[in-house]
Amino acid sequence: MAAHHEKKSEERKHKSTQNGTQASQGQWGRAWEVDWFSLASILFLLMFAPLIVYYFIMSCDQYQCSLTDPLIDLLMGNKHLSDIWNKTPTLTYTAAGIYIVWVAFQVILYVFVPDFCHKFLPGYVGGVQEGAVTPAGVVNKYEINGLQAWIITHVLWFANAYYFHCFSPTIIFDNWIPLLWCANILGYVVSTFAMIKGYLFPTNAKDCKFTGNFFYDYMMGIEFNPRIGKWFDFKLFFNGRPGIIAWTLINLSYAAKQQELYGQVTNSMILVNVLQGIYVLDFFWNEAWYLKTIDICHDHFGWYLGWGDCVWLPYLYTLQGLYLVYHPVELCTANAIGILMLGLIGYYIFRMTNHQKDLFRRTNGNCKIWGKKPEYIECSYMSVDGTKYYSKLMTSGFWGWARHFNYTGDLMGSLAYCLACGFEHILPYFYIVYMTILLTHRCIRDEHRCFSKYGKDWKRYTAAVPYRLIPGVF
């Protein structure tokens, strides 16, 4: 959305805005208070999310990716939990060394290597960029250099694979479970540190939220933008660096393992690498745009992001490639082309929908969408410091079809990844199920915030664009 602001007097800081919404920090970010359902959900995730990741990875390691065989063994008394646990690889010095070097290398690329890609890549926006205004009225600056970090990392990876041979390209797969323990350690350490920091030395005290409930604050975070120094922003680094840059490397390691085991890389593995690689590259090409998304603009930094980015993302978003190591699938030409087209069309919808919003925001609505001037609804809201802001919510183009049509394209791409794995097991389809739940929840969560933020103006918007994801259906 395109926004400009107008400073109001201190006396109006806590009064209602002209659209009837209450001006408070509670309009943005997570909740001030915790209801019983939210607390139950938090406790469930804290207890079972790590077990879910372990179960998926263990099922591939010990049961050829069958999600039902471990349960059958346990229920039938063929095995005990201790039998499964004792066969699980433990943390090793090798894995710890790999992980420490990996994270340290990404920190160096993030903090100490200013972006140069924007100087020679037409259309790419990098270097120092401003984020969205925070609830306290702060506008943070970021060093956008993720594409550069991705390129440097992958150039070194291929240089090693073809010339230096310092380590095997299968190194990630070969240490996959020991690396899981490393990722868990980092996820819990950074989440705990973020909570302590929020209490004792927050970057911006006005952008902190405390519910008084330890579990909710630990999971959903206290600080909005925790930072160390001028440039190390926890949220951008963990959301967009070690996990996502590793995503394509993990898939390449799976492909290398498939080549080692079977003497070839199947077309399904190539499809997964290509389609997910496009998604990852799109993220880094549009990293400056990412500063305006829900992850950066609304989520506080806690276990949900800290552990999630370290463990959940790299381990469960790459299940298709992992599955194909154990069950190589060679698709017929027609199926391969169909899956490729589904993935590319989904990506096109995802990208063009976001491009329309970004163009609309950057030009304050003075642009053309599908050859004509965009339609929009004028909105207003107020930050905690008493600053009044005006926004425009677009109601034409893809954004006139559905309020979250970019998510629709994302789901089409997610389905393509899964279809590449065939139908022998349900494990690779976890991703589309998870993404459907996640993005539907995001729709509801985002709209709850927008209603709190815009009030009556948001009702006008939903009347103009009645569907969330699928025009005419939902």
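The values are calculated or read from the model by the stated rules, or taken from the named source; none is laboratory data. Computed from a predicted structure; not experimentally measured. Ideal geometry is used to build each Cβ from the backbone, glycine not excepted, and the neighbour counts take in all protein chains shown. Ligands, DNA and RNA are excluded from the accessible area calculation, which covers all protein heavy atoms including side chains. Shrake-Rupley method; radii C 1.70, N 1.55, O 1.52, S 1.80 Å.
Side notes on the structure shown:
- With both labels modelled 7 Å from their Cα along Cα-to-Cβ, the Tyr93 to Phe423 distance reads 5.1 nm.
- Global form of segment 242-309, assessed from the alpha-carbon gyration tensor, a/c cut-off 1.5: prolate
- Shape of segment 341-423, Cα gyration tensor, a/c cut at 1.5: prolate
- Carbon and sulfur %, accessible surface of segment 89-330 computed with the full protein complex present, 1.4 Å: 70
- Evaluating kT/(6 pi eta Rh) at 4 °C and 1.567 mPa s, with the Kirkwood radius of segment 79-132 over Cα pairs in the Stokes-Einstein relation, gives 84 µm² s⁻¹.
- Over the C-alpha trace of segment 332-473, radius of gyration and Dmax come out as 17.8, 61 angstrom.
- With Cα atoms, 0 to 90° folded angle of helix 430-454 axis to the chain main axis: 10
- Modelled this way, with points 7 Å down the Cα-to-C-beta line, the labels at Phe214 and Lys373 are 5.9 nm from one another.
- Eligible aspartates and glutamates near Lys368 by straight Cα distance, threshold 18 Å, same-chain separation 8 or greater: Asp358, Glu378
- Cα gyration tensor shape of segment 120-216, rounded if a/c is under 1.5, else prolate or oblate by comparing a/b with b/c: oblate
- Expressed as a fraction of 2.2 N^0.38 Å, the C-alpha radius of gyration for segment 89-330 is 1.05.
- Rg followed by Dmax, in Å, when the chain is reduced to its Cα trace: 23.0, 73
- Estimated from helices alone, the mean residue ellipticity of the chain at 222 nm is -17500 deg cm²/dmol (sum of -39500 (n - 2.57) over DSSP H runs with n ≥ 4, per residue).
- Counting 0.36 nm for each residue step from Asp35 to Phe112 and taking away their Cα separation leaves a gain of 23.4 nm.
- Net length available on complete extension from His448 to Asp295 is 53.6 nm, with 0.36 nm assigned per residue and the Cα-Cα distance removed.
- Between 0 and 90 degrees, the angle of helix 333-362 with respect to the longest Cα principal axis of the chain falls at about 30 degrees.
- Loop chymotrypsin sites (Phe, Trp or Tyr not before Pro), segment 91-193 (other Cβ atoms within 10 Å of the site Cβ: 12 or fewer; DSSP): Phe116, Phe120
- Segment 89-330 - percent relative contact order, Cα under 8 Å, separation 6 or more: 26
- Surface per residue (accessible, 1.4 Å probe) for the chain, Å²: 44
- Residues Lys257, Lys372, ordered by accessible area of protein heavy atoms at a 1.4 angstrom probe radius and largest first, appear as Lys372, Lys257.
- Surface accessible to a 1.4 Å probe, Leu439 within the full protein complex, Å²: 10
- Sorting the segments 198-206, 356-364, 233-241, 70-78 by their residues' average number of neighbouring beta-carbon atoms within 10 angstrom, most packed first, yields 233-241, 356-364, 198-206, 70-78.
- Area of Glu143 that stays accessible when all protein chains are in place (1.4 Å probe, Å², to 10): 30
- Lysine pair count for segment 89-330 with Cα-Cα distance under 26 Å and sequence separation of 8 or more or different chains is 23.
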